[in-house]
Amino acid sequence: MAARVKALVAGNWKMNGVRASKKEVTALARKLAGKTKPACDVLICPPATLVTTLKEVAKGRKIAIGGQDCHAKQSGAHTGDISAEMLKDAGAAYVIVGHSERRADHGETDKIVRAKAEAAYRAGLVAIICVGETEDERDAGQTLKVIRTQLKGSLPDGATAKTTVVAYEPVWAIGTGRTPTS
């Protein structure tokens, strides 16, 4: 029988937050501190500039910290990027790869997402691989086909439940107030 997987609730702060935001995390941490067996795991993915600060705030509490993206390479001339190793060194335990905004704004393909997930594994991070369809794909009845294709192209060989989280992110629902129901 397969082991039950605990739900993960992840908050992606996107390009928001400054060091003053640690008050919010401290308040959340205090609230969670009294829970001996939380119903889910809690993860905050702040901008890279806040990973270390929030890791310190979350120390000893039931909150994990993750990065919002990483480069597929460990180092090099990649101005503005951050490696999985750097995130790990800053205190991250997870990293988001394949987010729809990265796929759309930066042209990231499934092949790139796969390479980033592999980099996360090498650094000892759990890769959160995002998949999801656009409204046009949904309306055309292509949801499962799109997700299958993304998973096939994005999931590295050897991915396991310990190294990987798959996040279903219907692109058509982001920021719209529309809730996916079926």
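The values are calculated or read from the model by the stated rules, or taken from the named source; none is laboratory data. From a predicted model like this one, the values you see are computed outputs, not experimental measurements. Quick reminder, even Gly has a Cβ in these numbers, built from the backbone with ideal geometry, and neighbours come from all protein chains shown.
Within the range 77-99, can you find the residues that are under 14 Å from the mean Cα position of the chain (by Cα) and aliphatic (A, V, I, L, M)?
If the condition is that a residue be under 14 Å from the mean Cα position of the chain (by Cα) and aliphatic (A, V, I, L, M), then 84, 87, 92, 93, 95, 96, 97 are the ones that fit.
If the requirement is being under 22 Å from residue 131 (Cα atoms), surrounded by fewer than 21 Cβ atoms within 10 Å (Cβ to Cβ) and of a type in the set (S, T, N, Q), which of these qualifies: 109, 79?
109
Consider residue 114 against the criteria (1) within 16 Å of the chain's Cα centre (by Cα); (2) without any contact (Cβ under 8 Å) to a residue 24 or more places away in the chain: it satisfies all of them except one. Which criterion is unmet?
Of (1) within 16 Å of the chain's Cα centre (by Cα); (2) without any contact (Cβ under 8 Å) to a residue 24 or more places away in the chain, only one is false for residue 114: (2).
Among the residues of the range 142-182, what is the count of those that are in a helix (DSSP H, G or I) and touching a residue at least 60 places away in the same chain (Cβ under 8 Å)? Outline the logic, then answer.
Taking the range 142-182 and keeping what is in a helix (DSSP H, G or I), we get 143-154, 171-173.
This time we only want the ones that are touching a residue at least 60 places away in the same chain (Cβ under 8 Å), so: 171.
So the answer is 1.
Hey, any hits in the range 68-76 for a residue that's farther than 26 Å from residue 6 by Cα, hydroxyl-bearing (Ser, Thr, Tyr) and within 16 Å of the chain's Cα centre (by Cα)? Reasoning before the result, please.
Restricting attention to the range 68-76, the residues satisfying the condition of being farther than 26 Å from residue 6 by Cα are 71-76.
If we keep only those that are hydroxyl-bearing (Ser, Thr, Tyr) too, we end up with 75.
In the following step, the residues that additionally are within 16 Å of the chain's Cα centre (by Cα) were identified as none.
So far as the range 68-76 goes, no, none of its residues is farther than 26 Å from residue 6 by Cα, hydroxyl-bearing (Ser, Thr, Tyr) and within 16 Å of the chain's Cα centre (by Cα).
Quick check: is even one residue across the range 133-141 assigned to a helix (DSSP H, G or I), hydroxyl-bearing (Ser, Thr, Tyr) and without any contact (Cβ under 8 Å) to a residue 40 or more places away in the chain?
no
Would you mind stating whether residue 98 is closer than 15 Å to residue 45 by Cβ and modelled with pLDDT of 95 or more? Spell out how you get there, then give the answer.
On the way: closer than 15 Å to residue 45 by Cβ: yes; modelled with pLDDT of 95 or more: yes.
Answer is yes for this residue.
For the range 129-170, give me each residue that is hydrophobic (A, V, I, L, M, F, W, C) and at pLDDT below 95.
Filtering the range 129-170 for residues hydrophobic (A, V, I, L, M, F, W, C) gives 129-131, 140, 144, 146-147, 151, 155, 159, 161, 165-167.
Residue satisfying the conditions is 161 alone.
If you check residue 114 against the conditions, is it farther than 23 Å from residue 30 by Cβ, buried (at least 18 other Cβ atoms within 10 Å of the Cβ) and touching a Pro at 6+ places or on another chain (Cβ under 6 Å)?
yes
Kindly indicate whether residue 9 is outside any helix (DSSP H, G or I), closer than 21 Å to residue 165 by Cβ, modelled with pLDDT under 80 and among the aliphatic types (A, V, I, L, M).
No, not satisfied.
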